[in-house]
1. Which whole-number percent gives the relative contact order of the chain, counting Cα pairs below 8 Å spaced six or more residues apart?
2. So what's the back-of-envelope 222 nm ellipticity for the chain, counting only DSSP H runs of four-plus at -39500 (n - 2.57) apiece and dividing by all residues, rounded to 500?
3. So if R0 is 25 Å, what FRET efficiency would Trp149 and Met7 give, r being the distance between their Cβ atoms, rounded to the nearest 0.05?
4. Let me check the size of segment 105-146 from its C-alpha atoms; what are the radius of gyration and Dmax in Å?
5. With a probe of 1.4 Å, find how much accessible area the chain has per residue, and write the answer as a whole number in Å².
6. If the only charges are +1 at each Lys and Arg Cβ and -1 at each Asp and Glu Cβ, what is the size of the charge dipole of segment 21-157 around the Cα centre, to the nearest 20 debye?
7. Could you pull out every whole DSSP H run in the chain that spans at least 27 Å of Cα extent along its own axis and averages 0.0 or higher on the Kyte-Doolittle scale?
8. Assuming R0 = 25 Å, can you tell me the calculated FRET efficiency for the pair Asn25 and Tyr156, based on Cβ-Cβ distance, to the nearest 0.05?
Amino acid sequence: MLIILCMLGPVFNFIFYSVLKKKYNFEINVLLYGIGFTSCCFVFIYSVMGLYGPITGNIELVMRFLYVIPFIFLYYSYATLLKNNEKSISRGTLFLIIATTALFVLFALFEIITYRIPYVSISSIPFGLYFVYCLISGKYVLSLRGFAWVPFLPAYAVLFYTFMKIPFM
């Protein structure tokens with residue numbers, strides 16, 4: 001089941017890429033960076049939620065994967081912002097930003113109800129602040145490649161901490 005859920009990340013990335021590539025003139029590197037971004041986010045989410053305790057059932061396993069969906073929306077929101085040739089924000093980009101925000105809020109509420117503290121949803125705050133900065137200033141500091149590498153360090157730091165926490169025999 002875990003392997004099937006892991007494969008859905010690249011599949012969702014391919015679907016988003018296929019839908020948006022013609023309108024925003026995406027190259028193949030947008031898809032590849034999106035898969036890398038999503039993979040790092042999945043490692044981060046799976047590691048952080050693994051610190052809460054063991055998986056208690058298939059529903060919790062599916063919920064852990066569903067946390068990746070807002071990050072896919074986040075990545076393609078940024079990609080459409082960068083590739084937008086118009087002066088104003090397009091309706092597609094605005095829809096992706098609103099959907100991303102709504103999904104993060106829903107998952108934060110779920111975390112508050114389930115775990116009391118929204119640890120994973122807190123990770124969306126730096127991304128949200130960066131998006132607000134980009135929208136207000138009109139400047140995009142990070143390239144798409146740089147944006148795709150942003151979740152790498154936190155993801156693997158948490159993964160390393162998780163492995164160090166496991167007692168070895």
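1. 32 percent
2. The per-residue figure over the chain is -26500 deg cm²/dmol.
3. E between Trp149 and Met7, to the nearest 0.05, is 0.65.
4. 13.6, 38
5. 60 Å²
6. Computed about the Cα centre, the dipole is about 440 debye.
7. Within the chain the helices that satisfy the rule are 2-24, 28-52, 91-115.
8. 0.20
The values are calculated or read from the model by the stated rules, or taken from the named source; none is laboratory data. The structure displayed is predicted, hence computed values, not measured ones. Positions of Cβ are generated from backbone atoms using ideal geometry, with glycine treated the same way; all protein chains shown enter the neighbour counts. We work out accessible area using only protein heavy atoms, side chains counted, and drop any ligands, DNA or RNA first. Shrake-Rupley method; radii C 1.70, N 1.55, O 1.52, S 1.80 Å.
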